[in-house]
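*Asks:* First the structure, which I've put down as structure tokens, then a few questions once you've had a look.
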Amino acid sequence: MNTLLPILAVFLLGNLLVALLRVARGPTPADRLLAALLFGTTGVAILLLLAFATASAALLDAALVFALLAAISGAAFAQRAWREEQAEAAHDDD
Amino acid sequence: MTTTEIASFILLLTGAVFFFAGTVGLLRFPDVYTRLHALAKADNLGLGFIMLGLLLQAPSPATALKLVLIWLLALAASATVGFLIARRARQNGIVPWQSGDRR
């Protein structure tokens, strides 16, 4: 059983990296904001798996803080990131 | 392999499957709204399954409660961030994708 946890953590990391390709390539700034969502869920999942794989409770607290930071940074990006976009009033086409 | 280990094994695998589905959805969907849709729902469900799988192995009830708390916080986080991103995209004039549009 405890061999499954690191394997899943590595799988999720691969998942994260592949998803970051879309975030990097995303045409609109909204796609780049998806990174905050990604880390909110995939990052927390990786931390949880490693917490149980290495049986260290500290990682659970790290996952808690990580989920909170992902929320705050995502909200901040969404509110702040597009101030200049509105100034140009550019029409984002996909 | 006791039954709890088998159960958590299955739950962890379904969680991984949902994460994979979320990533595939993120890459394949044509529009930022559909990507938000895929990402917020599938990944959270995956996190929920992984949390359930780990819940069975939790050494103490305190750790189990902390796991549930982390999941709920992640749910709230992705709900708010997803909503803010969608509203911001809508304000900036990104038109949702219709079936006829080009990819």
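The values are calculated or read from the model by the stated rules, or taken from the named source; none is laboratory data. Not measured: the values here are computed from a predicted model. Virtual Cβ from ideal backbone geometry, glycine too; neighbours counted across all protein chains shown. Please note that ligands, DNA and RNA were not included when accessible areas were found on the heavy atoms of the full protein model with its side chains. Shrake-Rupley method; radii C 1.70, N 1.55, O 1.52, S 1.80 Å.
*Asks:* Quick one: which residue in B:79, B:86, B:64 is farther than 17 Å from residue A:37 by Cα, more than 7 Å from every other protein chain (Cβ to nearest Cβ), out of contact with any Ser or Thr (no Cβ under 9 Å at 6 or more places or on another chain) and in a helix (DSSP H, G or I)?
*Replies:* Criteria check complete, one pass: B:64.
*Asks:* Go through (1) part of a helix (DSSP H, G or I); (2) more than 19 Å from residue A:19 (Cα to Cα); (3) open to solvent by 40 Å² or more (accessible area, probe 1.4 Å); (4) not aromatic (Phe, Trp, Tyr) for residue B:1 and report which single condition fails.
*Replies:* (1)
*Asks:* Mind checking whether some residue in the stretch B:40-48 is open to solvent by 20 Å² or more (accessible area, probe 1.4 Å) and not in a helix (DSSP H, G or I)?
*Replies:* So far as the stretch B:40-48 goes, no, none of its residues is open to solvent by 20 Å² or more (accessible area, probe 1.4 Å) and not in a helix (DSSP H, G or I).
*Asks:* Restricting to the stretch B:23-50, what's the tally of residues that are touching a residue at least 24 places away in the same chain (Cβ under 8 Å), in contact with a helix residue (DSSP H, G or I) (Cβ under 6 Å, 6 or more places away or on another chain) and either over 23 Å from residue A:20 (Cα atoms) or within 8 Å of chain A (Cβ to nearest Cβ) (or both)?
*Replies:* 9
*Asks:* Could I ask something else about it? List, please: which pairs have Cβ atoms under 7 Å, are six or more places apart or on different chains, and start with a residue in the stretch A:25-38 that is more than 7 Å from every other protein chain (Cβ to nearest Cβ) and end with one that is outside any helix (DSSP H, G or I) and of a type outside the set (Phe, Trp, Tyr)?
*Replies:* A:27/A:94; A:29/A:81; A:32/A:26
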